[in-house]
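Worksheet for the structure shown next.
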Ligand code: HEC
Ligand code: HEC
Ligand code: HEC
């Protein structure tokens with residue numbers, strides 16, 4: 001081993017130990033923040049509300065029987081694998097924030113209850129939209145090639161989108177429920193104060209549709 005690589009190894013270990021200590025400290029701090037809850041506590045249930053709103057959005061089920069999963073929209077250049085908790089965290093801590101350990105602790109604390117999630121969500125959504133804007137909605141365009149849009153029943157739609165083929169376009173500005181539709185989750189939380197159950201998402205959505 002050259003002496004410079006010995007030094008890099010040394011620093012890698014030092015950095016690893018420091019990160020380990022900080023992570024442990026943050027974890028302990030977070031557990032205190034969420035009171036008697038365990039490490040995951042309410043925080044991991046945030047996934048229930050996110051999944052619930054995805055199931056009520058435009059891509060979990062479609063007229064053609066296709067379902068776009070979390071990673072289809074949230075991860076770049078990945079084969080489709082389910083979004084694991086660490087992907088979920090790095091998604092919330094996108095970009096510059098990925099390195100921010102305090103951001104990690106802060107997010108754990110800020111979305112530990114349904115009410116906090118509702119309150120914090122505009123900020124969380126904004127981060128995701130900023131990431132998507134930054135890559136010009138690469139994931140959406142990967143499945144929806146605007147140059148190949150064809151719907152004889154609505155010819156104006158393809159024509160209109162053709163204007164964005166080579167230009168930036170914020171898909172979500174017009175397609176607000178493309179990924180998630182929060183209406184049902186928000187109503188559930190408002191009424192019951194608890195996290196909605198993803199297993200009920202379609203039952204609830206269908207009940208609402210049938211009433212109309
Ligand atoms: C069709 C694309 C698409 C799919 C599929 C999708 N999302 Fe999203 N997601 C978005 C978009 C667009 C936003 C930003 C706008 C919004 O909040 O709806 C977003 C926002 C988010 C946010 C931040 C706001 C919040 O709800 O807390 C999280 C977390 C998230 N998604 C996780 C997931 C998970 C987990 C899944 C799978 C169960 C998933 N997404 C599936 C497109 C998608
Ligand atoms: C993995 C592929 C995939 C990804 C990623 C994806 N979509 Fe889709 N999308 C589809 C399919 C398939 C359909 C259903 C087509 C049909 O029913 O004819 C669809 C349907 C739609 C529709 C029509 C929904 C309706 O109910 O009329 C819109 C709008 C849309 N997508 C926008 C988006 C946006 C915006 C994004 C990015 C946030 C996105 N899609 C990401 C595959 C995808
Ligand atoms: C300025 C608003 C606007 C923007 C930006 C926009 N769309 Fe649309 N999109 C529409 C409208 C309006 C429709 C027609 C909706 C309908 O007929 O119900 C539509 C329809 C669609 C459909 C369904 C087509 C069909 O025939 O059913 C897809 C898929 C879609 N858009 C994808 C995208 C993607 C991907 C982007 C970003 C690259 C995007 N849109 C950007 C307004 C927009």
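Summary of computed values
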{"item": "Per-region count, the stretch 173-195, residues more than 17 Å from the chain's Cα centre (by Cα) and closer than 12 Å to residue 54 by Cα", "result": "1"}
{"item": "Top-ranked residue of the stretch 136-172 - restricted to ones that are outside any helix (DSSP H, G or I), surrounded by 12 or more Cβ atoms within 10 Å (Cβ to Cβ) and more than 25 Å from the chain's Cα centre (by Cα), ranked as nearest to ligand 2 (Cβ to nearest atom)", "result": "149"}
{"item": "Residue within the stretch 57-69 that is in a helix (DSSP H, G or I) and modelled with pLDDT of 65 or more present", "result": "no"}
{"item": "Any hit, the stretch 181-197, residues being within 16 Å of ligand 3 (Cβ to nearest atom), modelled with pLDDT of 95 or more and within 27 Å of residue 75 (Cα to Cα)", "result": "yes"}
{"item": "Residue among 185, 199 that is in a helix (DSSP H, G or I) and touching a residue at least 12 places away in the same chain (Cβ under 8 Å)", "result": "185"}
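The values are calculated or read from the model by the stated rules, or taken from the named source; none is laboratory data. From a predicted model like this one, the values you see are computed outputs, not experimental measurements. Positions of Cβ are generated from backbone atoms using ideal geometry, with glycine treated the same way; all protein chains shown enter the neighbour counts.
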